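Report on the following structure.
What follows is calculated from the coordinates using simple rules that are stated; it is not laboratory data. Not measured: the values here are computed from a predicted model. Cβ coordinates were reconstructed from backbone atoms using ideal geometry, including for glycine residues, and neighbour counts include every protein chain displayed.
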Amino acid sequence: MKLLPLFGCLLASTVVAAPGSPSRQERAAERFNRRAALRNSNPLQAASLEELRIATANTSHVQYSSNWAGAVLIGSGYKSVTGTITVPTPKVPSGGSSRTQYAASAWVGIDGDTCASAILQTGVDFYVQGTTVSFDAWYEWYPDYAYDFTGITVKAGDQIKMTVTASSTSGGSAVIQNLSTGKTVTKTFSGESNKLCETNAEWIVEDFSSSGGLVPFANFGTVTFSGASVTTTSSSTLGVSGAQILDIQQNNKVLTSCSTSGTSTVTCSYTG
């Protein structure tokens with residue numbers, strides 16, 4: 001069972017926001033006044049040893065995490081990762097409170113599993129509180145926080161294509177294309193002090209962190225990444241065949257069921 005190195009977990013718990021840079025949560029405070037500040041993704045966090053023992057007793061092909069579900073391809077020279085989703089309508093989990101805000105995120109990225117020094121990622125967050133839902137399109141170069149794209153709107157049912165490209169280990173781009181509206185937004189990175197390893201390609205549904213802890217996880221229904229692929233330094237294009245499957249397990253309960261099909265599809269369903 002591959003576990004995240006301890007230094008990665010420690011790094012994730014000690015990140016601070018860039019001075020003068022408002023977090024995504026701060027900019028969205030008017031929409032959800034209960035929404036906590038300082039939202040960030042984290043590297044893969046293994047479930048507790050007891051949860052791993054229970055989860056793997058009858059399963060050999062899935063790894064369990066407290067925050068990531070989806071597929072991770074592990075190799076070298078990964079330069080560009082892409083995937084397209086249909087934005088789901090999140091729901092309050094069974095037994096949940098209408099007064100609590102629940103959330104989940106779907107994204108594509110480079111690194112963060114076996115390499116925890118940096119993650120280049122972009123995706124969409126889903127929020128639900130009672131009957132109110134909202135969405136954010138965002139970019140991130142971990143360990144800095146994630147930030148909202150401006151100039152783009154996202155709603156349930158939209159087709160969203162997500163692409164991250166590493167131009168070097170310290171620079172690259174994050175692109176969100178709303179194929180339903182024709183709008184595209186791009187963030188360019190350069191001179192990042194935390195370097196990519198270019199060894200992990202990911203298509204992930206995440207229970208992300210806010211104010212030092214995982215947010216209450218939303219019932220996101222089903223998220224399917226179609227056209228999932230990664231381009232390498234040799235200009236070859238790989239699909240998801242051979243990717244490691246991840247599912248989220250918290251408090252001894254498996255909350256997701258993920259799988260791959262064909263060479264370019266990753267599907268994750270909420271089961272909690």
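Taking Cβ atoms as reference points and 14 Å as the exclusive limit, the residues near Thr260 contribute a net charge of -2, counting Lys and Arg as +1 and Asp and Glu as -1. Approximating the spin labels as points 7 Å out from Cα along Cα→Cβ, the Ser180-to-Ser94 distance works out to 2.7 nm. Distant-in-sequence amide contacts of Phe208, defined by a placed amide H-H separation under 5 Å and a gap of 5 or more residues or a different chain, comprise Ser105, Val215. The base-10 log of I(q)/I(0) for segment 146-272, evaluated at q = 0.15, 0.16, 0.21 Å⁻¹, reads -0.94, -1.08, -1.50 [Debye formula, identical scatterers on Cα atoms, solvent excluded]. Packing here is the average count of other Cβ atoms within 10 Å per residue, and on that basis the peptides 258-266, 161-169, 180-188, highest first, run 161-169, 258-266, 180-188.
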